[in-house]
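Down below is the structure, laid out as structure tokens.
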Amino acid sequence: MGAPGPAANSSSSHTGRPLVEFQNVWKTYVTGAEPVHALRGVSINIYRGEYISIVGPSGSGKSTFMHILGCLDTPTSGRYLLAGTDVSKMDEEQLAEVRNRRIGFVFQQFHLLPSLTAWRNVELPLVYAGVGRHARKVRALSALEQVGLGNRADHHPNQLSGGQQQRVAVARALVTEPDVVLADEPTGNLDSRASADVLAMFADMHKAGRTIVLITHENDVAAAAERVTRFRDGRFIEPEQAAA
Ligand SMILES: Nc1ncnc2c1ncn2[C@@H]1O[C@H](COP(=O)(O)OP(=O)(O)OP(=O)(O)O)[C@@H](O)[C@H]1O
Ligand SMILES: [Mg+2]
């Protein structure tokens, strides 16, 4: 303590406008008799180039947070600014556009289309973005090269290992050059070796300047990130509380 050096909280060393700004965001689901407050006043800034992990128990609201961050859903109240634009009140069509342009997703279940080869899966976000056929193929193959799967481009998902399928999913997340890559339990279905591979890929992406948000309930996975945050009962908790 007290020693000179870089700030412990990496966010404090960033200048300028955050890429992601949550201001007192609440999300309430009303499905049964009782409303469920999945998010209870989430406030956080995430800066370009940060690699942040969010760790918390099951049901604490991590995926809900990621859905809003990824423009798959909107807050019940509060504000969410992405690259300075208020996305909290956008309609579905506007959200889809922002999502396609700015966000890359990686999920626990890979979510690859079984009928498509690896490169066809990777090019899909570019189809939605209206990129031409030739450019799509070039970019999809290049993204597969980046994740070390250039030699598996013509394989179907069922011809790939779990770890390789997750690499294809990472390539698909990267192919649009998104502002932020969101990964929700990306190692949840992988053995320890494939998990280490995926985390090594994220470390490389971070070095290359990508912004990464990694959600997990495993402390050792979370520790791979540069900034580790804790989530409980629908909000981020302060480091002092986390230690208690
Ligand atoms: N679509 C929904 N409708 C109603 N309630 C929901 C919905 N999605 C989530 N919830 C509730 O909101 C709370 C937070 O759920 P969420 O999926 O965000 O947790 P999580 O931290 O991602 O958990 P896990 O680690 O198990 O994935 C839970 O109580 C859940 O039951
Ligand atoms: Mg979840």
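The values are calculated or read from the model by the stated rules, or taken from the named source; none is laboratory data. Given the structure is predicted, the values throughout are model-derived calculations rather than measurements. In this analysis, Cβ positions are derived from the backbone assuming ideal geometry, glycine residues included, and neighbour counts consider all displayed protein chains. The accessibility values were calculated without ligands, DNA or RNA, using every heavy atom of the protein model including side chains. Shrake-Rupley method; radii C 1.70, N 1.55, O 1.52, S 1.80 Å.
For a quick check of your reading of the model, give me the residue pairs whose first member lies in region 134-157 and is without any contact (Cβ under 8 Å) to a residue 60 or more places away in the chain, whose second is outside any helix (DSSP H, G or I) and open to solvent by 90 Å² or more (accessible area, probe 1.4 Å), with beta-carbon atoms closer than 6 Å and at least 6 apart or on different chains.
Here the result reads Pro157/Pro114, each pair linking region 134-157 to a residue that is outside any helix (DSSP H, G or I) and open to solvent by 90 Å² or more (accessible area, probe 1.4 Å).
Let me spell it out: the conditions are (1) open to solvent by 70 Å² or more (accessible area, probe 1.4 Å); (2) within 16 Å of ligand 1 (Cβ to nearest atom), and Pro186 meets all of them except one. Which number is the exception?
Every condition holds for Pro186 apart from (1).
Restricting the search to region 58-99, which residues are within 16 Å of ligand 2 (Cβ to nearest atom), open to solvent by less than 40 Å² (accessible area, probe 1.4 Å) and either in a strand (DSSP E or B) or more than 24 Å from Val131 (Cα to Cα) (or both)?
Ser60, Gly61, Lys62, Thr64, Phe65, Met66, Ile68, Leu69
Using beta carbons and a limit of 6 Å, which pairs, at least six apart or on different chains, have the first residue in region 51-74 and in contact (Cβ under 8 Å) with a residue 40 or more places away in the chain and under 16 Å from Tyr29 (Cβ atoms) and the second one crowded, with 21+ Cβ neighbours inside 10 Å and of a type in the set (Asp, Glu)?
Close Cβ pairs satisfying both conditions: Ser63/Asp184; Met66/Asp184.
Return the only residue of Lys89, Lys62, Lys137 being among the basic types (Lys, Arg), at negative phi and within 16 Å of ligand 1 (Cβ to nearest atom).
Checking each option against the conditions leaves just Lys62.
Any residue in region 211-224 that is farther than 30 Å from Gly41 by Cα and open to solvent by 10 Å² or more (accessible area, probe 1.4 Å)?
Checked against the condition, which is being farther than 30 Å from Gly41 by Cα and open to solvent by 10 Å² or more (accessible area, probe 1.4 Å), region 211-224 yields no hits at all.
Name the residues in region 185-216 that are under 12 Å from Gly104 (Cβ atoms) and within 16 Å of ligand 2 (Cβ to nearest atom), would you?
Within region 185-216, Pro186, Val213 meet the criteria.
Taking Val106, is it in contact with a Lys or Arg (Cβ under 6 Å, 6 or more places away or on another chain) and either among the aliphatic types (A, V, I, L, M) or surrounded by fewer than 18 Cβ atoms within 10 Å (Cβ to Cβ) (or both)?
For Val106, the condition - in contact with a Lys or Arg (Cβ under 6 Å, 6 or more places away or on another chain) and either among the aliphatic types (A, V, I, L, M) or surrounded by fewer than 18 Cβ atoms within 10 Å (Cβ to Cβ) (or both) - is not met.
Condition test on Gln159, is it open to solvent by less than 50 Å² (accessible area, probe 1.4 Å) and polar (S, T, N, Q)?
It is false that Gln159 is open to solvent by less than 50 Å² (accessible area, probe 1.4 Å) and polar (S, T, N, Q).
How many residues are open to solvent by 50 Å² or more (accessible area, probe 1.4 Å) and part of a loop (DSSP other than H, G, I, E, B) if we restrict to region 112-132?
Residues meeting the conditions: 5.
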